[in-house]
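Below is one structure, written out as structure tokens; comments come after it.
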Amino acid sequence: MVKIARWGTYLPETKEKTSGRLIEDASLPSEVVIPLCQHIGAPCDPLVEKGDRVLIGQKIGDTEAFCSAPIHASVSGEVIGVEPRPHFTGDCLLSVVIAPDGKQESVEFAGVSGKLTPQKVRCAVREAGLVGLGGAAFPTHVKLCPPEGKSIDSVIINGCECEPFITCDHRNMLEKTDLLLDGLRIIMATVEAEKGYIGIKMNKLDAIRKVEELVAGEENVKVARLDTKYPHGAEKQLIKAILEREVPSGGLPMDVGALVHNAGTTIAISEAVREGKPLTERVLTVTGPGVKNPKNLRVKIGTPIGHLIEECGGFEGEPGKVIMGGPMTGFAQFSIDVPVVKGTSGVILFPRDQVKITPHDPCFRCGRCIRACPVFLIPNFIGLYVERDMIDKAEAYSVMDCIECGLCGYVCPARRPMVQYMKYAKGKIMARRKKIS
Amino acid sequence: MSEPLELVVSAPPHIRAKETVSGIIGWVILALLPVTLMSVYVFGLYAAKIIILSVGTTVLTEAAIQRLRKIPITIGDGSAALTGLLLALILPPKVPWWIPVIGGFVAIALGKQVFGGLGYNVFNPALVGRAVLMVSWAELMAQSWLSPLGRLDAVSTATPLALMKQARVGLAQFHSAYYYKPLLFTNPGGCLGEVSALLLLVGVTILLYKRIIEWRIPASFLGTVFVLSLFTKTDPLFQVLAGGLLLGAFFMATDYVTSPMTSRGALIFGTGCGFITVLLRCFSNVSEGVTYAILFMNALTPLIDRYTMPRIYGKGKRREKSSS
Ligand code: SF4
Ligand code: SF4
């Protein structure tokens with residue numbers, strides 16, 4: 001039996017349009033725009049100039065910094081510019097713009113030779129430019145280097161895919177199950193963990209069965225079946241659900257001996273280590289009521305999302321909202337020229353008539369946000385304080401522990417902009433802490 | 001580059017649950033309709049007049065005050081109308097017409113708007129209205145009952161609860177079991193909303209099923225009354241059915257704005273309400289304690305909320321006010 005958490009909410013899944021569709025390769029766009037910072041950490045410096053010819057897998061950006069990940073060309077062709085271009089977060093970031101020549105010539109890849117050692121794995125993962133593909137985009141090799149004194153006993157593969165609409169990890173787990181398990185074993189060996197878990201929600205029974213079949217009889221690798229409540233896939237909530245351990249406030253999973261990697265990332269780890277394949281493409285879901293033919297696509301990093309929308313038959317109805325990422329935490333876009341980056345798990349479209357902007361009402365203390373919050377905050381109090389700009393109070397009510405899952409905003413009958421309140425308060429507090437230190 | 005599109009950009013989440021404030025309040029009003037209609041059927045058109053006057057006054061008062069304060073008029077959310085309906089349901093059927101008018105005005109003006117409107121009031125507005133009426137026109141509010149067991153045209157008798165109290169000191173004969181049937185099906189001997197416990201429970205079922213109210217407050221409220229009745233040697237079933245307790249426990253004590261939001265807080269709140277109700281019913285000279293019990297616990301709600309906050313994920317102790 002799966003355990004039912006007392007937090008969280010069942011969201012409408014709306015995954016049925018794409019969960020049964022095989023991953024297709026997207027066609028080449030007329031230009032790719034590859035931002036030089038697609039991860040949390042230090043941005044990369046460009047290694048190419050306008051006019052250079054590049055090959056698939058060629059490094060076009062790198063840095064000395066430890067917490068960073070190099071950037072590779074995803075197509076072969078000519079660099080037509082190294083310039084600031086719009087990014088999905090709304091900023092403009094220095095990007096390498098490449099016009100593909102259609103030949104798709106690639107540099108030679110080579111997997112790790114000889115016996116796998118932790119050092120070789122970390123090196124291969126870093127050189128491949130891997131970052132967390134679930135959305136956070138934290139450099140993967142950093143997570144594989146637990147600092148002295150921290151030991152990791154359990155590795156968890158996050159196959160929850162909590163966000164409604166998105167199905168890329170589901171497809172990945174079904175279509176590349178071998179690589180998923182290989183990746184998991186590589187991670188376990190690298191951090192010397194005894195136990196491996198693959199956490200999958202009960203709405204993906206086919207994936208659960210397939211993985212269970214392959215790990216049947218194994219002592220140390222198990223599938224953890226999880227209830228479909230949102231947000232089980234949030235790192236700390238996942239650790240709690242599977243290991244019954246609570247990551248201390250402000251701490252990291254390794255503080256409780258756990259390490260969590262997303263399913264897509266785990267597959268990429270296997271490919272990076274065995275074949276030396278850099279991260280130049282990823283699987284994502286283009287879906288929503290605003291697109292004609294929703295699909296799961298394998299896409300070159302840097303492809304403008306407008307190209308993917310065309311690839312899926314174009315807009316259905318008048319375009320209203322274009323979201324990068326999931327509907328609970330993703331970013332609404334100004335333009336469809338922004339490129340797919342390593343952390344993009346989906347593009348979701350809503351037609352104009354389904355996008356409502358309603359004024360919000362005062363909080364009438366219904367308590368729905370409190371019952372939903374996976375961190376057990378009192379979101380409505382925090383919201384009321386932020387409304388009055390009482391940031392100290394918001395801090396006292398632990399707004400910094402908010403994981404911005406979006407649930408409080410989802411459930412609020414008064415349609416209050418809860419997540420904005422949280423983000424605003426967190427931003428202010430961070431800025432202040434920086435000033436002090 | 002592609003043609004610029006007119007896209008909506010807003011913060012996440014980009015999907016929302018369907019529930020709205022007016023939708024929730026609408027369901028509560030709907031849940032009260034069976035009992036409301038029954039009260040008109042049993043007490044006649046005069047009951048309809050009381051209800052219309054009460055609802056009309058609350059809605060108009062809210063609109064007028066918001067107009068004067070030059071803030072958006074929010075009568076569309078239905079909360080004023082609900083207050084009016086609840087107030088009417090806790091009035092005796094034969095009160096003069098101006099009683100619901102004054103009550104409705106007090107409920108909104110004093111019970112709600114002085115605090116700043118929906119979400120900020122400390123006390124349940126309908127109960128504030130009733131409490132003021134009970135203090136100011138005690139006789140009218142207490143003597144307009146119809147005989148519970150007699151015919152509909154009988155006037156002015158003590159309420160069953162008052163009878164029970166007299167019986168405790170040997171002043172009257174009292175058989176609580178006589179009252180089960182009328183209290184459940186058609187009770188002409190109480191407030192409008194006490195007319196039929198069964199019809200009230202029909203509405204309650206809807207609200208529980210739609211998860212608009214949670215079980216914690218009513219269950220702990222009723223449970224406490226039931227258990228304490230055993231201790232005070234009164235008939236527990238009668239105690240639960242009489243005196244508007246069901247209406248109070250399911251529709252007043254569960255008011256979001258004036259009851260605790262935390263789960264543990266809800267249990268404390270309900271238990272407190274039950275305790276005070278029995279205390280007042282048995283040991284004070286007011287015969288009917290639900291109104292004051294809920295109002296008293298309303299006052300404690302901020303405190304209860306403060307001390308029952310859940311433990312935050314990853315934080316060892318209960319919420320300490322660390323940095324403030
Ligand atoms: S966004 Fe933050 S406050 Fe809101 S439910 Fe999620 S964790 Fe809780
Ligand atoms: S869900 Fe909205 S209305 Fe309800 S308590 Fe939270 S903020 Fe207030």
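The values are calculated or read from the model by the stated rules, or taken from the named source; none is laboratory data. From a predicted model like this one, the values you see are computed outputs, not experimental measurements. Using ideal geometry, Cβ is built from the backbone for each residue, glycine included, and neighbour counts are taken over all protein chains shown. Note: areas computed on protein heavy atoms with side chains; ligands, DNA, RNA excluded. Shrake-Rupley method; radii C 1.70, N 1.55, O 1.52, S 1.80 Å.
Details
- Among residues of region A:242-274 being in a helix (DSSP H, G or I) and open to solvent by 20 Å² or more (accessible area, probe 1.4 Å), the one that is nearest to A:Leu130 (Cα to Cα) is A:Glu271.
- Answer from A:Val75, A:Val79, A:Val112 - the residue that is within 27 Å of A:Lys176 (Cβ to Cβ) and open to solvent by less than 10 Å² (accessible area, probe 1.4 Å): A:Val75
- Residue in region A:184-202 that is charged (D, E, K, R), touching a strand residue (DSSP E or B) at 6+ places or on another chain (Cβ under 7 Å) and farther than 14 Å from A:Asn220 by Cα present: yes
- Within region A:369-389, considering residues that are touching a strand residue (DSSP E or B) at 6+ places or on another chain (Cβ under 9 Å) and facing another protein chain (nearest Cβ under 8 Å), the one nearest to ligand 1 (Cβ to nearest atom): A:Pro374
- Residues (among the small types (Gly, Ala, Ser) and either crowded, with 21+ Cβ neighbours inside 10 Å or facing chain B (nearest Cβ under 7 Å) (or both)) located in region A:315-332: A:Gly320, A:Gly325, A:Gly326, A:Gly330, A:Ala332
- Scan of region A:295-312 for residues that are in contact with a strand residue (DSSP E or B) (Cβ under 8 Å, 6 or more places away or on another chain), open to solvent by 40 Å² or more (accessible area, probe 1.4 Å) and under 23 Å from A:Gln354 (Cβ atoms), ordered by number: A:Glu311
- When A:Glu310 is tested against (1) away from ligand 1 (no atom under 11 Å from the Cβ); (2) in contact with a helix residue (DSSP H, G or I) (Cβ under 9 Å, 6 or more places away or on another chain), just one condition goes unmet, and that condition is (2).
- Figure legend. Inter-residue proximity from region B:9-24: first residues more than 7 Å from chain A (Cβ to nearest Cβ), second residues surrounded by fewer than 17 Cβ atoms within 10 Å (Cβ to Cβ), beta-carbon distance below 7 Å, spacing 6+ or different chains. Indicated pairs: B:Ser22/B:Gly76.
- Residue in region A:343-361 that is closer than 26 Å to A:Leu55 by Cα, open to solvent by 20 Å² or more (accessible area, probe 1.4 Å) and of a type in the set (D, E, K, R) present: no
- Residues that are farther than 20 Å from A:Thr167 by Cβ and in contact (Cβ under 8 Å) with a residue 24 or more places away in the chain within region A:316-343 comprise A:Gly317, A:Glu318, A:Pro319, A:Gly320, A:Gln333, A:Phe334, A:Ser335, A:Ile336, A:Asp337, A:Val338, A:Pro339, listed in sequence order.
- Which listed residue, of B:Gly243, B:Gly272, is more than 16 Å from ligand 2 (Cβ to nearest atom), outside any helix (DSSP H, G or I) and of a type outside the set (Phe, Trp, Tyr): B:Gly243
- Among the residues making up region B:262-279, those that are within 13 Å of chain A (Cβ to nearest Cβ) and either among the polar types (S, T, N, Q) or under 17 Å from the mean Cα position of the chain (by Cα) (or both) are B:Thr262, B:Ser263, B:Ala266, B:Phe269.
- Test: residue in region A:301-311 that is more than 13 Å from every other protein chain (Cβ to nearest Cβ), touching a Cys at 6+ places or on another chain (Cβ under 9 Å) and of a type in the set (D, E, K, R): no
- All positions within region A:390-403 that are more than 13 Å from ligand 1 (Cβ to nearest atom) and either more than 9 Å from every other protein chain (Cβ to nearest Cβ) or open to solvent by 10 Å² or more (accessible area, probe 1.4 Å) (or both): A:Met390, A:Ile391, A:Asp392, A:Lys393, A:Glu395
- Residues satisfying the criterion are present in region A:250-259 (criterion: away from chain B (no Cβ under 14 Å), closer than 30 Å to A:Val347 by Cβ and within 21 Å of the chain's Cα centre (by Cα)).
- Residue check: A:Val340 meets all listed conditions (1) facing chain B (nearest Cβ under 9 Å); (2) within 26 Å of A:Lys423 (Cα to Cα); (3) open to solvent by less than 20 Å² (accessible area, probe 1.4 Å) but one, namely (1).
- Residue ranges of helices (runs of 4 or more DSSP H) in region A:364-424 with at least 2 members touching a residue at least 12 places away in the same chain (Cβ under 8 Å) and within 27 Å of the chain's Cα centre (by Cα): A:368-372, A:379-387, A:407-411
- Number of positions in region A:90-108 that are part of a loop (DSSP other than H, G, I, E, B), closer than 30 Å to B:Ser10 by Cβ and either of a type in the set (Gly, Ala, Ser) or open to solvent by less than 60 Å² (accessible area, probe 1.4 Å) (or both): 1
Results for (1) farther than 23 Å from A:Thr344 by Cβ; (2) open to solvent by 20 Å² or more (accessible area, probe 1.4 Å), shown as yes or no for each residue.
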position	(1), (2)
A:Asp153	yes, yes
A:Glu163	no, yes
A:Met173	no, no
A:Asp178	yes, yes
A:Leu184	yes, no
A:Thr190	yes, no
A:Tyr197	yes, yes
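- Checking each residue in region A:342-383 for being more than 7 Å from ligand 2 (Cβ to nearest atom) and polar (S, T, N, Q) picks out A:Thr344, A:Ser345, A:Gln354, A:Thr358.
- Residue among A:Gly41, A:Gly81, A:Gly111 that alone is modelled with pLDDT under 95 and not in a loop (DSSP other than H, G, I, E, B): A:Gly81
- Search result, residues across region A:385-437 that are within 14 Å of ligand 2 (Cβ to nearest atom), more than 18 Å from B:Gly119 (Cβ to Cβ) and among the hydroxyl-bearing types (Ser, Thr, Tyr): A:Tyr410
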